[in-house]
Amino acid sequence: MASIGLSLRLEHLPPRDAVDLAVHAESHGFSGVMAADHFQPWTPEQGQAPFVWSVLAAIGEHTTGDLGPGVTTPSFRWHPAVVAQASATTAALFPGRHWLGIGSGEALNEHIVAQYWPEAPERIDRMFEAVDLIQRLFAGSLQHRDVRYAGTHFTMESTRLWTMPEVAPPILVAASGPVAARRVGRHADGIITVGAPGDRVSQLLARFDEGAREAGRDPATLTRAIQLDVSWAPTQHEATEQALTLWPNGAMPFRKSDIRSPYDFRQLARTVRAEDFTGHVHISPDLDAHRAYIQAHLDMGFDRIYLHHVAACPRSAITAFGEEVLPALRLP
């Protein structure tokens, strides 16, 4: 059955508040948590960037649903082996609940230790090589044997993960373009994407399925996850203003992966207008309109939807959605 979880944007939340919000969401019918791996917030006003693995561990101790970093980048700040260890330990702590979300990264978080910042094609190649290394390390460690890796971008001496769950956590890979989505279908356990205008999301799923079939895999056995940004408030004006204030990066009409500083994002955020949110953040005071927006993505074939509440009071928004929206959804 499909599920509706909570996307915790840790750029807005001190760690204890994030844990409390996850507990509150579960008590209102949300199935689990996706949490952001950021070293810096998008803008200085967002104000936070706690360590995602610590937050996930604390959330796991106080909830019962699924949990994963959506997404982390095993390429610049992190060597893939370190991400594999963090993921395996989390999965051992919370059997059957943890999944590993992987992306190609943004300079905002990754350039702090990288000697250079490559173009998108290289970043994507690095991401898929990291996935390969992690998959091999998981497989070898489950068999209690050492693994060695020598690739184009990463090397690893013979080693294993000495702490492993009984089953390796599934690896979901982020994709926002058709070429990457097809590669995800070939190599990963599932895809993660974000809400987008028009038919871009359905096209991504089609390419994901195509890649899976090319690799001799059944697309129906793979996970389709999406983060949907929603802004709800008593009036349309309030819902729009909180999106402009709290989440302008969600509507920037250009690529954000090369911007390095929250202060640069602040300057660029001043160019965002209300109409830029169309297709990226669903803004409405009408809870039934939000229900229809979420239902459309369930009907599209997503089996995990994580809602990011762009809200001055996310606790109230979670309560409203838990009481009015989630019970009215038709879950496949």
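The values are calculated or read from the model by the stated rules, or taken from the named source; none is laboratory data. Please read all numbers here as calculations on a predicted model, not as lab measurements. Note that each Cβ is placed from the backbone with ideal geometry, even for glycine, and that neighbours are counted across all protein chains shown. Areas reflect the complete protein model, heavy atoms only, side chains present, ligands, DNA and RNA absent. Shrake-Rupley method; radii C 1.70, N 1.55, O 1.52, S 1.80 Å.
Numerical summary
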{"read-out": "Long-range neighbours under 9 Å by Cβ, at least six apart or interchain, first residue more than 17 Å from G5 (Cα to Cα) and of a type in the set (D, E, K, R) within the range 278-306, second open to solvent by 30 Å² or more (accessible area, probe 1.4 Å) and in a loop (DSSP other than H, G, I, E, B)", "value": "D286/W232"}
{"read-out": "The lone exception for G5 - which of (1) out of contact with any Asp or Glu (no Cβ under 7 Å at 6 or more places or on another chain); (2) not in a loop (DSSP other than H, G, I, E, B) it fails", "value": "(1)"}
{"read-out": "Pair list, Cβ under 6 Å, 6 or more apart: the range 232-244 residue assigned to a helix (DSSP H, G or I), other residue of a type outside the set (S, T, Y) and open to solvent by 80 Å² or more (accessible area, probe 1.4 Å)", "value": "Q242/A312"}
{"read-out": "Only listed residue being without any contact (Cβ under 8 Å) to a residue 60 or more places away in the chain, out of contact with any Leu (no Cβ under 9 Å at 6 or more places or on another chain) and open to solvent by less than 10 Å² (accessible area, probe 1.4 Å), chosen from A130, A150", "value": "A130"}
{"read-out": "Unmet criterion (only one of (1) modelled with pLDDT of 90 or more; (2) touching a Leu at 6+ places or on another chain (Cβ under 9 Å)) for Q267", "value": "(2)"}
{"read-out": "Scan of the range 12-46 for residues that are under 22 Å from S257 (Cβ atoms) and open to solvent by 40 Å² or more (accessible area, probe 1.4 Å), ordered by number", "value": "H12, F39, Q40, E45"}
{"read-out": "Criterion (under 24 Å from D276 (Cα atoms), of a type outside the set (V, I, T) and open to solvent by less than 10 Å² (accessible area, probe 1.4 Å)) met by exactly one of A181, A225", "value": "A225"}
{"read-out": "Subset tally (residues that are under 29 Å from I226 (Cβ atoms) and open to solvent by 30 Å² or more (accessible area, probe 1.4 Å)) for the range 153-163", "value": "1"}
{"read-out": "Residues of the range 254-310 satisfying the condition of being among the basic types (K, R) and in a loop (DSSP other than H, G, I, E, B)", "value": "R255, K256, R260, R270, R273"}
{"read-out": "Residues within the range 133-147 that are touching a strand residue (DSSP E or B) at 6+ places or on another chain (Cβ under 9 Å) and either open to solvent by 10 Å² or more (accessible area, probe 1.4 Å) or not small (G, A, S) (or both), tallied", "value": "9"}
{"read-out": "The lone exception for E241 - which of (1) modelled with pLDDT under 95; (2) within 30 Å of Y263 (Cβ to Cβ); (3) charged (D, E, K, R) it fails", "value": "(1)"}
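To keep it simple, each residue is scored yes or no on (1) over 20 Å from the mean Cα position of the chain (by Cα); (2) buried (at least 16 other Cβ atoms within 10 Å of the Cβ).
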{"residue": "A220", "(1), (2)": "yes, no"}
{"residue": "T235", "(1), (2)": "yes, no"}
{"residue": "Q242", "(1), (2)": "yes, yes"}
{"residue": "N249", "(1), (2)": "no, yes"}
{"residue": "R255", "(1), (2)": "no, no"}
{"residue": "T278", "(1), (2)": "yes, no"}
{"residue": "A296", "(1), (2)": "no, no"}
{"residue": "I305", "(1), (2)": "no, yes"}
